[in-house]
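Engineer: Here it is: the structure, laid out below.
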Amino acid sequence: MCRVDSLTNAVTCLYNNLRLEIQYFVLSLQSAGIKEGLFCSLNAIHMQRYEKFPSAGKNFYDYIKNNSKADPKQLYLSANGKDLGFPAEFAVIQIECRQKTARKLSAFLTFDEFLFPSTLAAEQSTHQCVASYHALIAGKGKTIADMTAGLGIDAFSFARGGNLVTAVELDHMRAEILRHNSEVLELHNVDVVEADCLKWMRSKKSGVFDILFIDPARRGSDSRRTYLFRDCLPDIVSNMAELRSFAPVMMVKASPILDISGIVREIEGVSSIHIACVRGECKESLIILDGSRPAGNPEIVTVDLEADDNAGVLIRSIWKTAFADLGGDCAFADLQDLREGMFLYDPNAAVHKLNCQSALCKDFPGLKRLSANTDLYCSHVRYDSFPGRIFSISCILDKKSARSIQGSRCEVAVRNFPLTAEQLRKKLHVCSGDDCYIYGCSVGVRPKPVMLRCQRLQSGVGKPLTNLVRNLL
């Protein structure tokens, strides 16, 4: 009887949750003004917007603040059909966006009246650390046109860096929110233009700006993701000559999954490519085209960023190489190189993206790659400036030592190993946590699977962004 009751309760709970999801979905479609029903794209929910900027008063902002931790779905349903004295759906969008960007845009969210036009705009916005890095690259005292402003995080960061910024945005609602947020942030050096950026550009004289910043939309009219720049909007490849005449420097934001060689093949005149991470997670590739610098062998810069407690930005690591130095051979390790006290190096996501083992081993003498397909390195020398995580090797696990760690707390990672990290965790009977790591990897010219027990080392506190690199253009 207890089993039947438990099953009944579980089914009832599942039904109620499903009903809530369907109600939220239908109401969202209605709010977005969609008539085609369930055959419409789910993306429509995230693209709901208003024809004009809704009026917002004290009650509107108090509602957002008082419900900052509430479930947006429940708020959306409870507010449906009620007159709260302000646009309730728009207020719920603000709550949802603030929850989604709590870490990504924490410095901007300290302003209670900072608004979002849609959840899609929040999802597509640049991480504040990366935007600060863009501003550092640009320098100060420049005239900058952000041709695809969106939520405006990059434009606002350029302006905070002491530049005169024109933010161009095609969408009316986004343009209105841009004007509102620039006033909230007290950035009087931001001019918002509602226009198609290419048509607007053609109405101006050549050489009006020092820098063009462009983040091409990487989805086509059918919402499918595009991978070539010529398929993005705006099409910077076909319009490159016009764009280059408009400003001597272009900064083009690109997807982190794009191949570096493909970027150089498709876009002529690349002077440098910056691959930006935030706490080891790759966020973007930034392409610089600078008419004053020679092209043909772009500088490749990998940078790992993090926010400090005062909403500033720290650089955890920065490493540079040249495009021509990618590829090449390096020395491989053997089991003798993995003895106790040796150091294991795991490159961050930006360096993992590059085929740069030869350049790494050249810049960090004594470094050896574990095997051809294992992107881990070891050395008897500790390099705190290495672009990634550093570990001290304790031992190679055998059956006896593997039994001794059962039930302990260890993080598990795998590189070129026959098991997944979760499968290896279950096999070793360890729990997640602590600075102890188990790396499953393959080692040697003729790769042999091994398990390394390591202790993660702290590579020091990140350095303030402005103290480490200035005016990279």
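Engineer: Report, ordered by the first and then the second residue, all pairs with beta carbons closer than 6 Å, sequence separation of six or more or different chains, a first member in the range 395-414 that is within 24 Å of Gln336 (Cα to Cα), and a second member that is among the charged types (D, E, K, R) and surrounded by 18 or more Cβ atoms within 10 Å (Cβ to Cβ).
Structural biologist: Cys395/Arg453; Leu397/Arg453; Val412/Arg425
Engineer: Looking at the range 283-314 only, could you name the residues that are within 20 Å of Arg244 (Cα to Cα) and among the hydroxyl-bearing types (Ser, Thr, Tyr)? Reasoning before the result, please.
Structural biologist: Pass one, the range 283-314, residues within 20 Å of Arg244 (Cα to Cα): 285-299.
Passing the criteria: Ser285, Ser292.
Engineer: Quick one: in the range 401-420, of everything that is of a type in the set (Gly, Ala, Ser) and surrounded by 16 or more Cβ atoms within 10 Å (Cβ to Cβ), which residue is modelled with the lowest pLDDT? I'd like the intermediate steps shown before the answer.
Structural biologist: Restricting attention to the range 401-420, the residues satisfying the condition of being of a type in the set (Gly, Ala, Ser) are 401-402, 404, 407-408, 413.
Imposing the further condition that a residue be surrounded by 16 or more Cβ atoms within 10 Å (Cβ to Cβ) reduces the set to 402, 413.
Working: Ala402: 92, Ala413: 96.
Only one residue fits best here, namely Ala402.
Engineer: If you go through the range 259-300, how many residues are in a loop (DSSP other than H, G, I, E, B) and surrounded by 20 or more Cβ atoms within 10 Å (Cβ to Cβ)?
Structural biologist: Filtering the range 259-300 for residues in a loop (DSSP other than H, G, I, E, B) gives 259, 267-271, 279-280, 291-298.
Filter once more, so that each one left must be surrounded by 20 or more Cβ atoms within 10 Å (Cβ to Cβ): 267, 270-271, 298.
So the count comes out to 4.
Engineer: Only strands (runs of 3 or more DSSP E) wholly contained in the range 350-436 count here; list those with 2 or more residues that are more than 26 Å from the chain's Cα centre (by Cα) and more than 19 Å from Arg279 (Cα to Cα). Walk me through how you get there before you give the answer.
Structural biologist: Details: elements: 368-371, 374-379, 388-396, 411-415.
Answer list for the range 350-436: 368-371, 374-379, 388-396.
Engineer: What residue, among those in the range 375-388 that are touching a residue at least 60 places away in the same chain (Cβ under 8 Å) and surrounded by fewer than 22 Cβ atoms within 10 Å (Cβ to Cβ), is nearest to Met342 (Cα to Cα)? Spell out the reasoning first.
Structural biologist: Looking only at the range 375-388, we keep the residues that are touching a residue at least 60 places away in the same chain (Cβ under 8 Å), and these are 376, 382, 384-388.
With the extra rule that they be surrounded by fewer than 22 Cβ atoms within 10 Å (Cβ to Cβ), the set shrinks to 382, 384-385.
Working: Arg382: 8, Asp384: 14, Ser385: 17 Å.
So the residue we want is Arg382.
Engineer: Another question about this same structure. (1) at pLDDT below 95; (2) surrounded by 14 or more Cβ atoms within 10 Å (Cβ to Cβ); (3) touching a helix residue (DSSP H, G or I) at 6+ places or on another chain (Cβ under 8 Å): which one isn't true of Asn163, the others all being true?
Structural biologist: Answer for Asn163: the failing condition is (1).
Engineer: May I ask you to say which residue of Glu306, Glu340 is in contact with a Ser or Thr (Cβ under 7 Å, 6 or more places away or on another chain), closer than 23 Å to Gln455 by Cα and surrounded by fewer than 19 Cβ atoms within 10 Å (Cβ to Cβ)? Walk me through how you get there before you give the answer.
Structural biologist: Values: Glu306 fails: in contact with a Ser or Thr (Cβ under 7 Å, 6 or more places away or on another chain).
Criteria check complete, one pass: Glu340.
Engineer: Which of the residues that make up the range 289-317 are among the hydrophobic types (A, V, I, L, M, F, W, C) and touching a Pro at 6+ places or on another chain (Cβ under 7 Å)? Explain how you work it out, then say what you get.
Structural biologist: Within the range 289-317, the subset among the hydrophobic types (A, V, I, L, M, F, W, C) is 289, 295, 300-301, 303, 305, 307, 311, 313-315.
Selection gives Leu314 alone.
Engineer: Does Thr166 satisfy the criteria of being within 22 Å of Ser285 (Cβ to Cβ) and of a type in the set (S, T, N, Q)? Reasoning before the result, please.
Structural biologist: Numbers: within 22 Å of Ser285 (Cβ to Cβ): no; of a type in the set (S, T, N, Q): yes.
So Thr166 does not fit the description; no.
Engineer: Show the residue pairs that are 6+ apart or on different chains and have beta-carbon atoms under 7 Å apart, the first residue being within the range 418-433 and over 13 Å from Pro449 (Cβ atoms), the second being of a type in the set (Gly, Ala, Ser) and in a helix (DSSP H, G or I).
Structural biologist: Taking only residues 6 or more apart or on different chains, the pairs are Leu428/Ala402.
Engineer: Here is a further query. Kindly indicate whether Arg218 is surrounded by 14 or more Cβ atoms within 10 Å (Cβ to Cβ), under 21 Å from His134 (Cα atoms) and either among the β-branched types (Val, Ile, Thr) or at pLDDT below 95 (or both). Give the steps one after another, and end with the answer.
Structural biologist: Numbers: surrounded by 14 or more Cβ atoms within 10 Å (Cβ to Cβ): yes; under 21 Å from His134 (Cα atoms): yes; either among the β-branched types (Val, Ile, Thr) or at pLDDT below 95 (or both): yes.
In short, yes.
The values are calculated or read from the model by the stated rules, or taken from the named source; none is laboratory data. Every value quoted in this text rests on a predicted model; they were computed, and no experiment measured them. Note: ideal-geometry Cβ built from the backbone for every residue, glycine included; neighbour counts use all protein chains shown.
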